[in-house]
Number of protein chains: 2
Amino acid sequence: MISSTNKFDQLPTEKQARIVNASISEFAERDYETASMNKVVERAGIAKGSLFNYFKTKGSLYYHIYHLAIGEVKSYLRKVRDETADLLFEERLAKIVDSGVQFITDHPRLARIYFRLIYSADSPDRQKIVAELQQLSDDYLGEIIQDAMDRGEIDSQINKSQAVFYLDAVLNRFLKEFHESSSNDNQFDRDEWVKGITKFFSKGLK
Amino acid sequence: MISSTNKFDQLPTEKQARIVNASISEFAERDYETASMNKVVERAGIAKGSLFNYFKTKGSLYYHIYHLAIGEVKSYLRKVRDETADLLFEERLAKIVDSGVQFITDHPRLARIYFRLIYSADSPDRQKIVAELQQLSDDYLGEIIQDAMDRGEIDSQINKSQAVFYLDAVLNRFLKEFHESSSNDNQFDRDEWVKGITKFFSKGLK
DNA sequence: CGATAAATTGACCACCCGGTCATTAATGAA
DNA sequence: TTCATTAATGACCGGGTGGTCAATTTATCG
(Lines give C-alpha, C1' and ligand atoms only; values in the text may rest on other atoms or scores of the structure.)
Protein backbone atom coordinates (compact mmCIF):
# COMPACT_ATOMS: atom_id res chain seq x y z
CA MET A 1 0.00 0.00 0.00
CA ILE A 2 2.39 2.62 -1.24
CA SER A 3 -0.13 5.01 -2.77
CA SER A 4 -2.07 7.28 -0.49
CA THR A 5 -5.46 6.06 0.61
CA ASN A 6 -6.54 9.68 0.74
CA LYS A 7 -9.67 10.11 -1.35
CA PHE A 8 -8.80 13.69 -2.24
CA ASP A 9 -5.45 12.76 -3.78
CA GLN A 10 -7.15 10.40 -6.23
CA LEU A 11 -9.29 13.17 -7.68
CA PRO A 12 -8.70 14.68 -11.14
CA THR A 13 -6.25 17.55 -10.87
CA GLU A 14 -8.75 20.11 -12.07
CA LYS A 15 -11.23 19.21 -9.36
CA GLN A 16 -8.52 19.22 -6.72
CA ALA A 17 -7.53 22.68 -7.86
CA ARG A 18 -11.09 23.97 -7.66
CA ILE A 19 -11.49 22.66 -4.13
CA VAL A 20 -8.12 23.92 -2.94
CA ASN A 21 -8.75 27.30 -4.48
CA ALA A 22 -12.17 27.61 -2.89
CA SER A 23 -10.82 26.52 0.49
CA ILE A 24 -7.92 28.95 0.37
CA SER A 25 -10.29 31.81 -0.36
CA GLU A 26 -12.63 30.83 2.43
CA PHE A 27 -9.94 30.30 5.07
CA ALA A 28 -8.23 33.53 4.01
CA GLU A 29 -11.39 35.59 4.37
CA ARG A 30 -12.67 34.08 7.61
CA ASP A 31 -10.90 32.47 10.54
CA TYR A 32 -11.20 28.78 11.29
CA GLU A 33 -14.35 28.89 13.39
CA THR A 34 -16.15 31.32 11.12
CA ALA A 35 -15.15 29.75 7.80
CA SER A 36 -18.00 27.73 6.35
CA MET A 37 -17.92 24.36 4.68
CA ASN A 38 -21.16 25.36 2.92
CA LYS A 39 -19.38 28.32 1.38
CA VAL A 40 -16.48 26.14 0.30
CA VAL A 41 -18.68 23.70 -1.59
CA GLU A 42 -20.59 26.60 -3.11
CA ARG A 43 -17.38 28.24 -4.33
CA ALA A 44 -15.97 24.95 -5.56
CA GLY A 45 -19.17 23.95 -7.30
CA ILE A 46 -19.43 20.52 -5.72
CA ALA A 47 -21.91 18.86 -3.39
CA LYS A 48 -21.46 19.02 0.33
CA GLY A 49 -21.42 15.26 0.66
CA SER A 50 -18.54 15.09 -1.79
CA LEU A 51 -16.37 17.46 0.20
CA PHE A 52 -17.01 15.49 3.38
CA ASN A 53 -16.14 12.39 1.41
CA TYR A 54 -12.73 13.83 0.46
CA PHE A 55 -12.08 15.39 3.86
CA LYS A 56 -13.73 13.74 6.83
CA THR A 57 -13.94 16.91 8.90
CA LYS A 58 -13.55 20.67 8.61
CA GLY A 59 -10.42 20.30 10.69
CA SER A 60 -8.76 17.95 8.23
CA LEU A 61 -9.50 20.26 5.31
CA TYR A 62 -8.02 23.14 7.28
CA TYR A 63 -4.98 21.00 8.08
CA HIS A 64 -4.47 20.34 4.40
CA ILE A 65 -4.76 24.01 3.48
CA TYR A 66 -2.51 25.47 6.14
CA HIS A 67 0.15 22.88 5.44
CA LEU A 68 0.02 24.07 1.89
CA ALA A 69 0.53 27.63 3.06
CA ILE A 70 3.40 26.73 5.36
CA GLY A 71 4.96 24.66 2.60
CA GLU A 72 4.95 27.65 0.28
CA VAL A 73 6.46 29.86 2.98
CA LYS A 74 9.19 27.30 3.54
CA SER A 75 9.95 27.16 -0.15
CA TYR A 76 10.43 30.94 -0.29
CA LEU A 77 12.62 30.86 2.81
CA ARG A 78 14.77 28.03 1.52
CA LYS A 79 15.24 29.78 -1.79
CA VAL A 80 16.36 33.10 -0.35
CA ARG A 81 18.54 31.39 2.23
CA ASP A 82 20.42 29.42 -0.41
CA GLU A 83 20.66 32.29 -2.88
CA THR A 84 22.09 34.70 -0.33
CA ALA A 85 24.52 32.45 1.48
CA ASP A 86 27.49 34.51 0.31
CA LEU A 87 26.12 37.96 1.04
CA LEU A 88 26.87 40.17 4.00
CA PHE A 89 24.40 40.09 6.86
CA GLU A 90 22.89 43.45 5.98
CA GLU A 91 22.47 42.61 2.33
CA ARG A 92 21.07 39.26 3.27
CA LEU A 93 18.54 40.86 5.58
CA ALA A 94 17.39 43.11 2.77
CA LYS A 95 16.94 40.14 0.46
CA ILE A 96 14.93 38.32 3.10
CA VAL A 97 12.59 41.26 3.46
CA ASP A 98 12.29 41.40 -0.32
CA SER A 99 11.45 37.75 -0.43
CA GLY A 100 8.74 38.19 2.19
CA VAL A 101 7.27 41.10 0.26
CA GLN A 102 7.37 38.96 -2.87
CA PHE A 103 5.60 36.08 -1.16
CA ILE A 104 2.82 38.35 0.04
CA THR A 105 2.48 39.85 -3.42
CA ASP A 106 2.41 36.46 -5.13
CA HIS A 107 0.17 34.70 -2.61
CA PRO A 108 -1.87 37.21 -0.63
CA ARG A 109 -4.43 34.63 0.45
CA LEU A 110 -1.80 32.18 1.70
CA ALA A 111 -0.12 35.07 3.46
CA ARG A 112 -3.34 35.85 5.23
CA ILE A 113 -3.73 32.26 6.35
CA TYR A 114 -0.12 32.29 7.53
CA PHE A 115 -0.56 35.44 9.60
CA ARG A 116 -3.76 34.09 11.06
CA LEU A 117 -1.83 31.02 12.15
CA ILE A 118 0.99 33.04 13.67
CA TYR A 119 -0.92 35.72 15.42
CA SER A 120 -4.30 34.63 16.51
CA ALA A 121 -5.65 31.36 15.35
CA ASP A 122 -8.27 29.77 17.44
CA SER A 123 -7.47 26.89 15.17
CA PRO A 124 -7.38 23.28 16.23
CA ASP A 125 -3.92 22.14 17.34
CA ARG A 126 -2.88 25.77 17.61
CA GLN A 127 -0.07 24.97 20.04
CA LYS A 128 1.36 22.27 17.82
CA ILE A 129 1.25 24.50 14.76
CA VAL A 130 2.80 27.47 16.51
CA ALA A 131 5.54 25.29 17.94
CA GLU A 132 6.24 23.96 14.46
CA LEU A 133 6.47 27.45 13.00
CA GLN A 134 8.61 28.58 15.92
CA GLN A 135 10.97 25.75 15.14
CA LEU A 136 11.04 26.73 11.48
CA SER A 137 11.87 30.31 12.38
CA ASP A 138 14.49 29.30 14.93
CA ASP A 139 16.22 27.04 12.46
CA TYR A 140 16.06 29.49 9.61
CA LEU A 141 16.95 32.74 11.32
CA GLY A 142 19.26 30.90 13.69
CA GLU A 143 21.32 29.74 10.76
CA ILE A 144 21.52 33.24 9.34
CA ILE A 145 22.58 34.67 12.68
CA GLN A 146 25.12 31.92 13.11
CA ASP A 147 26.63 32.58 9.68
CA ALA A 148 26.92 36.26 10.51
CA MET A 149 28.54 35.45 13.86
CA ASP A 150 31.00 33.08 12.23
CA ARG A 151 32.05 35.82 9.85
CA GLY A 152 32.34 38.29 12.70
CA GLU A 153 29.60 40.52 11.29
CA ILE A 154 27.65 40.52 14.51
CA ASP A 155 28.75 40.18 18.11
CA SER A 156 29.10 36.50 18.93
CA GLN A 157 28.62 37.29 22.62
CA ILE A 158 24.98 38.06 22.00
CA ASN A 159 22.47 35.47 23.11
CA LYS A 160 21.63 33.76 19.87
CA SER A 161 18.07 32.79 20.66
CA GLN A 162 17.37 36.36 21.73
CA ALA A 163 18.81 37.67 18.48
CA VAL A 164 16.58 35.28 16.58
CA PHE A 165 13.65 36.55 18.59
CA TYR A 166 14.31 40.19 17.70
CA LEU A 167 14.76 39.37 14.04
CA ASP A 168 11.61 37.33 14.01
CA ALA A 169 9.60 39.98 15.83
CA VAL A 170 10.60 42.86 13.58
CA LEU A 171 10.50 40.96 10.31
CA ASN A 172 7.13 39.38 10.95
CA ARG A 173 5.63 42.60 12.18
CA PHE A 174 6.95 44.49 9.21
CA LEU A 175 5.59 41.95 6.75
CA LYS A 176 2.25 41.88 8.52
CA GLU A 177 2.07 45.64 8.21
CA PHE A 178 2.98 45.40 4.54
CA HIS A 179 0.36 42.74 4.02
CA GLU A 180 -2.37 44.83 5.60
CA SER A 181 -1.36 48.03 3.89
CA SER A 182 -1.20 46.31 0.53
CA SER A 183 -4.75 45.06 1.07
CA ASN A 184 -5.77 48.69 1.44
CA ASP A 185 -3.49 49.79 -1.42
CA ASN A 186 -1.63 52.09 0.95
CA GLN A 187 1.76 52.76 -0.49
CA PHE A 188 4.98 53.07 1.48
CA ASP A 189 8.64 53.40 0.69
CA ARG A 190 9.98 49.87 0.77
CA ASP A 191 13.62 50.86 0.24
CA GLU A 192 13.48 53.41 3.02
CA TRP A 193 12.22 50.73 5.39
CA VAL A 194 14.67 48.06 4.31
CA LYS A 195 17.52 50.49 4.83
CA GLY A 196 16.14 51.48 8.22
CA ILE A 197 15.64 47.92 9.39
CA THR A 198 19.11 46.73 8.43
CA LYS A 199 20.70 49.76 10.02
CA PHE A 200 18.66 49.26 13.15
CA PHE A 201 19.78 45.67 13.48
CA SER A 202 23.38 46.63 12.96
CA LYS A 203 23.68 49.66 15.17
CA GLY A 204 20.60 49.87 17.34
CA LEU A 205 19.14 53.27 18.07
CA LYS A 206 22.25 54.93 19.40
CA MET B 1 -30.21 65.36 30.19
CA ILE B 2 -26.77 65.23 31.72
CA SER B 3 -26.90 61.70 33.09
CA SER B 4 -26.29 58.83 30.69
CA THR B 5 -29.37 57.30 29.17
CA ASN B 6 -27.49 54.03 29.04
CA LYS B 7 -29.59 51.36 30.72
CA PHE B 8 -26.53 49.44 31.87
CA ASP B 9 -25.09 52.39 33.79
CA GLN B 10 -28.24 52.64 35.90
CA LEU B 11 -27.88 49.10 37.19
CA PRO B 12 -26.81 48.24 40.74
CA THR B 13 -23.02 48.03 40.89
CA GLU B 14 -23.04 44.40 41.88
CA LYS B 15 -25.06 43.42 38.85
CA GLN B 16 -22.89 45.51 36.57
CA ALA B 17 -19.85 43.75 37.98
CA ARG B 18 -21.35 40.31 37.38
CA ILE B 19 -22.14 41.16 33.77
CA VAL B 20 -18.79 42.77 33.08
CA ASN B 21 -16.96 39.88 34.67
CA ALA B 22 -18.90 37.31 32.66
CA SER B 23 -18.36 39.24 29.45
CA ILE B 24 -14.64 39.62 30.03
CA SER B 25 -14.30 35.90 30.57
CA GLU B 26 -16.27 35.07 27.47
CA PHE B 27 -14.49 37.52 25.19
CA ALA B 28 -11.13 36.46 26.58
CA GLU B 29 -11.77 32.79 25.91
CA ARG B 30 -13.36 33.12 22.49
CA ASP B 31 -12.95 35.68 19.73
CA TYR B 32 -15.72 38.07 18.79
CA GLU B 33 -17.55 35.87 16.32
CA THR B 34 -17.29 32.75 18.46
CA ALA B 35 -18.14 34.35 21.78
CA SER B 36 -21.71 33.63 22.76
CA MET B 37 -24.29 35.92 24.31
CA ASN B 38 -25.99 32.79 25.66
CA LYS B 39 -22.81 31.92 27.54
CA VAL B 40 -22.53 35.43 28.89
CA VAL B 41 -26.03 35.42 30.38
CA GLU B 42 -25.43 31.95 31.77
CA ARG B 43 -22.19 33.04 33.44
CA ALA B 44 -23.73 36.26 34.70
CA GLY B 45 -26.85 34.55 36.00
CA ILE B 46 -29.31 36.84 34.26
CA ALA B 47 -31.92 36.35 31.55
CA LYS B 48 -31.07 36.80 27.92
CA GLY B 49 -33.72 39.46 27.44
CA SER B 50 -32.14 41.49 30.24
CA LEU B 51 -28.73 41.52 28.64
CA PHE B 52 -30.20 42.64 25.34
CA ASN B 53 -32.06 45.30 27.26
CA TYR B 54 -28.80 46.69 28.70
CA PHE B 55 -26.84 46.27 25.47
CA LYS B 56 -28.80 46.42 22.25
CA THR B 57 -26.41 44.19 20.32
CA LYS B 58 -23.49 41.86 20.81
CA GLY B 59 -21.35 44.49 19.12
CA SER B 60 -22.20 47.15 21.69
CA LEU B 61 -21.37 44.84 24.58
CA TYR B 62 -18.07 44.03 22.94
CA TYR B 63 -17.44 47.73 22.43
CA HIS B 64 -17.99 48.33 26.13
CA ILE B 65 -15.65 45.52 27.13
CA TYR B 66 -12.75 46.28 24.87
CA HIS B 67 -12.86 49.95 25.77
CA LEU B 68 -12.53 48.80 29.32
CA ALA B 69 -9.47 46.75 28.37
CA ILE B 70 -7.90 49.58 26.41
CA GLY B 71 -8.61 51.98 29.27
CA GLU B 72 -6.75 49.75 31.68
CA VAL B 73 -3.81 49.45 29.29
CA LYS B 74 -3.71 53.23 28.96
CA SER B 75 -3.71 53.65 32.70
CA TYR B 76 -0.68 51.38 33.08
CA LEU B 77 1.11 53.19 30.27
CA ARG B 78 0.41 56.62 31.69
CA LYS B 79 1.59 55.54 35.10
CA VAL B 80 4.91 54.14 33.97
CA ARG B 81 5.47 57.03 31.57
CA ASP B 82 5.04 59.59 34.33
CA GLU B 83 6.97 57.66 36.94
CA THR B 84 9.99 57.14 34.70
CA ALA B 85 10.25 60.56 33.10
CA ASP B 86 13.62 61.20 34.73
CA LEU B 87 15.25 57.87 34.00
CA LEU B 88 17.73 57.02 31.29
CA PHE B 89 16.31 55.47 28.14
CA GLU B 90 17.58 52.01 28.99
CA GLU B 91 16.25 52.09 32.53
CA ARG B 92 13.01 53.46 31.23
CA LEU B 93 12.69 50.65 28.71
CA ALA B 94 13.20 48.13 31.48
CA LYS B 95 10.45 49.72 33.56
CA ILE B 96 8.09 49.68 30.61
CA VAL B 97 8.66 45.99 30.12
CA ASP B 98 8.11 45.47 33.83
CA SER B 99 4.88 47.37 33.65
CA GLY B 100 3.66 45.26 30.75
CA VAL B 101 4.51 42.09 32.61
CA GLN B 102 2.68 43.45 35.63
CA PHE B 103 -0.42 44.28 33.59
CA ILE B 104 -0.55 40.78 32.14
CA THR B 105 -0.11 39.30 35.60
CA ASP B 106 -2.80 41.50 37.12
CA HIS B 107 -5.29 41.27 34.27
CA PRO B 108 -4.66 38.17 32.18
CA ARG B 109 -8.13 38.20 30.67
CA LEU B 110 -7.96 41.85 29.64
CA ALA B 111 -4.51 41.16 28.22
CA ARG B 112 -5.95 38.41 26.11
CA ILE B 113 -8.67 40.70 24.79
CA TYR B 114 -6.03 43.33 24.09
CA PHE B 115 -3.81 40.95 22.12
CA ARG B 116 -6.80 39.70 20.20
CA LEU B 117 -7.55 43.27 19.23
CA ILE B 118 -4.00 43.99 18.17
CA TYR B 119 -3.16 40.89 16.31
CA SER B 120 -6.14 39.36 14.69
CA ALA B 121 -9.58 40.43 15.64
CA ASP B 122 -12.28 39.84 13.13
CA SER B 123 -14.08 42.28 15.36
CA PRO B 124 -16.48 44.92 14.15
CA ASP B 125 -14.77 48.24 13.42
CA ARG B 126 -11.43 46.47 13.41
CA GLN B 127 -9.76 49.16 11.35
CA LYS B 128 -10.98 51.96 13.61
CA ILE B 129 -9.83 50.13 16.74
CA VAL B 130 -6.43 49.26 15.34
CA ALA B 131 -5.92 52.83 14.14
CA GLU B 132 -6.81 54.06 17.62
CA LEU B 133 -4.34 51.70 19.26
CA GLN B 134 -1.70 52.60 16.70
CA GLN B 135 -2.20 56.22 17.59
CA LEU B 136 -1.90 55.40 21.29
CA SER B 137 1.33 53.53 20.69
CA ASP B 138 2.74 56.23 18.41
CA ASP B 139 2.01 58.93 20.94
CA TYR B 140 3.33 56.97 23.87
CA LEU B 141 6.47 55.44 22.43
CA GLY B 142 7.02 58.50 20.28
CA GLU B 143 7.24 60.63 23.40
CA ILE B 144 9.74 58.27 24.99
CA ILE B 145 11.88 58.22 21.87
CA GLN B 146 11.69 61.99 21.62
CA ASP B 147 12.78 62.43 25.22
CA ALA B 148 15.73 60.14 24.65
CA MET B 149 16.66 62.03 21.49
CA ASP B 150 16.45 65.37 23.27
CA ARG B 151 18.86 64.09 25.90
CA GLY B 152 21.17 62.71 23.24
CA GLU B 153 20.73 59.15 24.42
CA ILE B 154 19.79 57.91 20.99
CA ASP B 155 20.71 59.11 17.54
CA SER B 156 18.41 61.97 16.59
CA GLN B 157 19.08 61.29 12.90
CA ILE B 158 17.09 58.10 13.12
CA ASN B 159 13.64 58.14 11.56
CA LYS B 160 11.44 58.54 14.59
CA SER B 161 8.39 56.70 13.32
CA GLN B 162 10.62 53.79 12.36
CA ALA B 163 12.15 53.74 15.82
CA VAL B 164 8.68 53.69 17.31
CA PHE B 165 7.83 50.82 15.01
CA TYR B 166 10.79 48.71 16.17
CA LEU B 167 10.06 49.42 19.81
CA ASP B 168 6.42 48.55 19.34
CA ALA B 169 7.18 45.38 17.41
CA VAL B 170 9.67 43.97 19.91
CA LEU B 171 7.82 45.05 23.06
CA ASN B 172 4.46 43.75 21.92
CA ARG B 173 5.90 40.52 20.67
CA PHE B 174 7.80 39.99 23.89
CA LEU B 175 4.74 40.64 26.01
CA LYS B 176 2.61 38.39 23.86
CA GLU B 177 5.16 35.65 24.32
CA PHE B 178 5.17 36.26 28.06
CA HIS B 179 1.39 36.19 28.13
CA GLU B 180 1.21 32.87 26.32
CA SER B 181 4.00 31.27 28.28
CA SER B 182 2.45 32.39 31.57
CA SER B 183 -0.82 30.74 30.52
CA ASN B 184 1.15 27.53 30.21
CA ASP B 185 3.16 28.23 33.37
CA ASN B 186 6.39 28.12 31.37
CA GLN B 187 9.02 30.01 33.25
CA PHE B 188 11.67 32.23 31.73
CA ASP B 189 14.32 34.58 33.00
CA ARG B 190 12.72 38.01 32.93
CA ASP B 191 15.86 39.89 33.95
CA GLU B 192 17.93 38.18 31.30
CA TRP B 193 15.42 39.25 28.67
CA VAL B 194 15.06 42.81 29.89
CA LYS B 195 18.81 43.21 29.84
CA GLY B 196 19.00 41.72 26.36
CA ILE B 197 16.23 43.88 24.96
CA THR B 198 17.63 47.15 26.28
CA LYS B 199 21.10 46.29 25.06
CA PHE B 200 19.72 45.33 21.67
CA PHE B 201 17.92 48.63 21.30
CA SER B 202 21.03 50.52 22.31
CA LYS B 203 23.68 48.77 20.31
CA GLY B 204 21.98 46.52 17.78
CA LEU B 205 23.53 43.15 17.06
CA LYS B 206 27.02 44.32 16.21
C1' DC C 1 -26.46 -4.08 -23.55
C1' DG C 2 -26.98 -5.30 -18.66
C1' DA C 3 -25.18 -5.68 -14.17
C1' DT C 4 -22.31 -4.47 -10.64
C1' DA C 5 -19.47 -1.15 -8.31
C1' DA C 6 -18.09 3.44 -7.27
C1' DA C 7 -18.75 8.32 -7.08
C1' DT C 8 -21.82 12.19 -6.39
C1' DT C 9 -25.64 14.42 -4.65
C1' DG C 10 -28.57 17.43 -1.59
C1' DA C 11 -32.32 16.89 1.66
C1' DC C 12 -32.07 16.31 6.29
C1' DC C 13 -30.43 16.22 11.32
C1' DA C 14 -29.43 18.15 15.84
C1' DC C 15 -27.49 22.05 17.58
C1' DC C 16 -26.34 26.79 18.35
C1' DC C 17 -26.56 31.56 17.13
C1' DG C 18 -28.21 36.75 17.89
C1' DG C 19 -32.24 38.94 18.75
C1' DT C 20 -37.47 39.66 20.00
C1' DC C 21 -41.47 40.30 22.77
C1' DA C 22 -45.64 38.77 25.23
C1' DT C 23 -45.92 37.50 29.86
C1' DT C 24 -44.71 37.81 34.61
C1' DA C 25 -42.61 39.88 38.76
C1' DA C 26 -41.10 43.76 41.41
C1' DT C 27 -41.57 48.53 42.62
C1' DG C 28 -43.50 52.68 44.32
C1' DA C 29 -47.11 56.28 44.81
C1' DA C 30 -51.76 57.37 46.39
C1' DT D 1 -54.25 47.87 49.51
C1' DT D 2 -54.70 48.97 44.92
C1' DC D 3 -53.07 50.05 40.66
C1' DA D 4 -49.95 51.81 37.23
C1' DT D 5 -45.23 51.73 35.79
C1' DT D 6 -41.06 49.63 35.12
C1' DA D 7 -37.79 45.69 35.12
C1' DA D 8 -36.84 40.94 34.29
C1' DT D 9 -37.77 36.71 32.06
C1' DG D 10 -37.31 32.75 28.80
C1' DA D 11 -39.92 30.57 25.05
C1' DC D 12 -39.58 31.41 20.51
C1' DC D 13 -37.94 32.92 15.70
C1' DG D 14 -35.33 32.65 11.36
C1' DG D 15 -31.11 31.37 9.92
C1' DG D 16 -26.57 29.20 9.75
C1' DT D 17 -23.47 25.38 11.33
C1' DG D 18 -20.77 20.73 10.70
C1' DG D 19 -21.90 16.43 9.45
C1' DT D 20 -24.80 12.16 7.55
C1' DC D 21 -26.71 8.94 4.37
C1' DA D 22 -30.35 6.98 1.35
C1' DA D 23 -30.97 7.73 -3.29
C1' DT D 24 -29.24 8.68 -7.74
C1' DT D 25 -25.89 9.25 -11.32
C1' DT D 26 -21.69 7.76 -13.52
C1' DA D 27 -18.02 4.55 -14.62
C1' DT D 28 -16.38 -0.19 -15.31
C1' DC D 29 -16.37 -4.50 -17.35
C1' DG D 30 -18.07 -9.09 -19.10
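The values are calculated or read from the model by the stated rules, or taken from the named source; none is laboratory data. Bear in mind that the values here come from a model prediction, so they are computed numbers and not experimental data. Here the Cβ positions follow ideal geometry from the backbone for every residue, glycine too, while neighbour counts run over all protein chains shown. Side chains included, ligands, DNA and RNA excluded: accessible areas come from the protein's heavy atoms. Shrake-Rupley method; radii C 1.70, N 1.55, O 1.52, S 1.80 Å.
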(message) Return the residues of the range B:79-117 that are over 18 Å from the mean Cα position of the chain (by Cα) and of a type in the set (Val, Ile, Thr); say none if nothing qualifies.
(response) B:THR84
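Mind checking whether some residue in the range A:71-82 is more than 14 Å from chain B (Cβ to nearest Cβ), away from DNA strand D (no atom under 16 Å from the Cβ) and among the small types (Gly, Ala, Ser)?
Yes - at least one qualifying residue is present in the range A:71-82.
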(request) Return a yes/no flag: does the range A:98-114 have any residue that is in contact with a Gly (Cβ under 8 Å, 6 or more places away or on another chain) and touching a residue at least 24 places away in the same chain (Cβ under 8 Å). (result) no
(request) Have a look at B:PHE188, B:PHE201 and point out the one that is aromatic (Phe, Trp, Tyr), over 13 Å from the mean Cα position of the chain (by Cα) and outside any helix (DSSP H, G or I). (result) B:PHE188
(request) Looking only at the range A:157-206, count how many residues are within 7 Å of chain B (Cβ to nearest Cβ) and open to solvent by less than 20 Å² (accessible area, probe 1.4 Å). (result) 11
(message) For the range A:81-104, give me each residue that is outside any helix (DSSP H, G or I) and among the aliphatic types (A, V, I, L, M).
(response) A:ALA85, A:LEU87, A:LEU88
(request) Identify, by number, the condition in (1) out of contact with any Ser or Thr (no Cβ under 8 Å at 6 or more places or on another chain); (2) within 14 Å of chain A (Cβ to nearest Cβ); (3) within 30 Å of B:VAL170 (Cβ to Cβ); (4) within 16 Å of DNA strand C (Cβ to nearest atom) that B:SER36 doesn't meet. (result) (3)
(request) Residues being modelled with pLDDT of 85 or more and not in a helix (DSSP H, G or I): count how many of those fall in the range B:120-144. (result) 0
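This table checks each residue for (1) open to solvent by 80 Å² or more (accessible area, probe 1.4 Å); (2) away from DNA strand D (no atom under 12 Å from the Cβ); (3) not in a loop (DSSP other than H, G, I, E, B).
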{"position": "B:LYS15", "(1), (2), (3)": "no, no, yes"}
{"position": "B:SER23", "(1), (2), (3)": "no, yes, yes"}
{"position": "B:TYR32", "(1), (2), (3)": "no, yes, no"}
{"position": "B:VAL41", "(1), (2), (3)": "no, no, yes"}
{"position": "B:SER50", "(1), (2), (3)": "no, no, yes"}
{"position": "B:ASN53", "(1), (2), (3)": "no, no, yes"}
{"position": "B:LYS56", "(1), (2), (3)": "yes, yes, no"}
